[in-house]
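**Student:** Take this structure first; my questions come after.
The values are calculated or read from the model by the stated rules, or taken from the named source; none is laboratory data. From a predicted model like this one, the values you see are computed outputs, not experimental measurements. With ideal geometry, Cβ positions are generated from the backbone for all residues, glycine too; neighbour counts draw on all protein chains shown.
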Amino acid sequence: MTDITFKFTHEDRGFCRTYYRSIKTKRIYCIQNDGSFGVDKFMFYPCSKDGEPIYSTEIPDKSRFDKFILPA
């Protein structure tokens, strides 16, 4: 069993993002759809305190999330 690392906080449909908070560090992360029309490309970002993505990194395994929700 893998420990849950990321807790879902909310979804921002306007920016195609779902936000998570690290349980351990309290840092904010998001999954954002960076694809174009008809093509999904989901990226994982640590975010600034304002919730803005900083740089992309590999999406952790789904089991690390309390709720794994891809942005709509």
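**Student:** Out of region 36-50, which residues are small (Gly, Ala, Ser) and modelled with pLDDT under 95?
**Tutor:** Passing the criteria: Ser36, Gly38.
**Student:** Now for a different question. Taking the residues in region 20-58 that are part of a strand (DSSP E or B) and among the hydroxyl-bearing types (Ser, Thr, Tyr) as candidates, determine which candidate is surrounded by the fewest Cβ atoms within 10 Å (Cβ to Cβ).
**Tutor:** This residue is Thr57.
**Student:** Looking at region 50-70, I want the residues that are farther than 15 Å from Lys7 by Cβ and have a partner that is assigned to a loop (DSSP other than H, G, I, E, B) and at pLDDT 95 or above with Cβ atoms under 7 Å, at least 6 apart or on another chain. Which pairs are those?
**Tutor:** Ile54/Ser48
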